[in-house]
Amino acid sequence: MSNATPPSSSASASPHPANTFTELLVTLLAPSLVLMQLSGPERLGTMGALLLALSMPLFWALRTAVRERRFSWMAGLGVLSTLMTGGIGLLALDAQWLAVKEAAVPGLIGLVVLISAMTRKPLIRLLVFNPQIMDVPRIETALAVRGATAAFERCLRLGTWMLAGSFAFSSTMNYALARWVVQSPAGTEAFNAELGRMNLLSWPVIAIPSTLMMMGVLFYLARGIKQLTGMKLEECLRQQ
């Protein structure tokens with residue numbers, strides 16, 4: 001169920017703190033508490049607790065998609081990850097498959113990002129340098145005037161490599177955390193409790209460091225744009 005990958009950039013404003021807290025409550029804290037506290041046979045049982053815990057992030061993803069009238073690829077990956085976790089638990093597969101699944105999601109994203117660094121259009125353009133966030137025509141004009149277009153392309157390419165590295169970190173840590181915490185067979189009360197504990201630990205161990213790495217990539221790109229164009233950062237942003 002855990003999917004601690006670096007957050008994607010968005011053109012929209014940052015979510016309100018209250019909304020962020022609610023999202024953490026519904027998708028992380030509540031499912032983890034359900035798994036750890038309600039999996040006993042005298043309560044919901046292992047399958048009942050697992051289904052309830054998995055339904056919470058799925059409900060939140062569906063609610064967000066309906067309210068915002070869009071379903072991002074990152075949200076889609078989160079739903080797929082949740083469904084795969086449910087399949088592992090319901091089918092009582094070896095716990096090792098949970099670790100493989102935890103590593104596979106950010107690992108595949110990182111691989112796609114890495115491959116894009118070798119093409120003419122690295123994915124960093126979609127995440128950061130796109131017309132919804134940046135005043136692309138103005139920046140490109142400033143780069144052309146200063147003869148810095150080639151240098152900027154190198155900056156974007158290096159930023160893409162750095163972004164791929166952040167996903168590689170997330171993939172490695174996801175696998176290590178799952179192997180360390182989840183030791184019991186799937187379909188047992190102990191497995192549910194360990195799954196809930198892993199979800200809670202994924203936030204300080206993986207999500208926060210990954211977010212800091214992403215912020216480092218954004219800072220590197222912002223500094224590169226500022227130096228190469230001679231413009232202030234606010235001048236590079238698209239005016240709403």
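The values are calculated or read from the model by the stated rules, or taken from the named source; none is laboratory data. Everything numeric here is computed off the predicted structure, so don't read it as measured data. Using ideal geometry, Cβ is built from the backbone for each residue, glycine included, and neighbour counts are taken over all protein chains shown. Side chains included, ligands, DNA and RNA excluded: accessible areas come from the protein's heavy atoms. Shrake-Rupley method; radii C 1.70, N 1.55, O 1.52, S 1.80 Å.
Considering only GLU153, GLU42, GLU23, the Gaussian network model of the chain with Cα springs below 10 Å gives its largest mean-square fluctuation to GLU42. For the chain, the share of accessible area belonging to carbon and sulfur comes to 66 percent (1.4 Å probe, ligands and nucleic acids excluded).
Net length available on complete extension from ARG197 to LYS226 is 6.2 nm, with 0.36 nm assigned per residue and the Cα-Cα distance removed. For the chain, the longest principal axis of the Cα atoms and the long axis of helix 73-90 meet at an angle of about 20 degrees.
For the chain, dividing the convex hull volume of the Cα atoms by the residue count gives 118 Å³ per residue. For the chain, set up a GNM with springs between Cα atoms under 10 Å and report which of VAL182, VAL145, VAL128 has the largest fluctuation. Of the options given, VAL145 has the highest mean-square fluctuation. Protein heavy-atom accessible surface, 1.4 Å probe, per residue over the chain: 54 Å². Which is farthest toward the positive dipole end of region 37-151 among PRO122, GLY110, GLN37, measuring Cα position about the Cα centre, with Cβ charges +1 (Lys, Arg) and -1 (Asp, Glu)? Highest projection toward the positive end goes to PRO122.
Full extension of the segment from GLU140 to GLN96, taken as 0.36 nm per residue of separation minus the current Cα-Cα distance, would add 11.0 nm.
In a simple Cβ point-charge model (Lys, Arg +1; Asp, Glu -1; nothing else charged), region 122-223 has a dipole of about 340 debye relative to its Cα centre. Taken over region 124-240, the alpha-carbon convex hull comes to 115 cubic angstrom per residue. The long axis of helix 136-145 is offset from the longest Cα principal axis of the chain by roughly 40 degrees. Between 0 and 90 degrees, the angle of helix 149-181 with respect to the longest Cα principal axis of the chain falls at about 10 degrees. Placing +1 on the Cβ of every Lys and Arg and -1 on the Cβ of every Asp and Glu, with nothing else charged, gives the chain a dipole about its Cα centre of roughly 840 debye.
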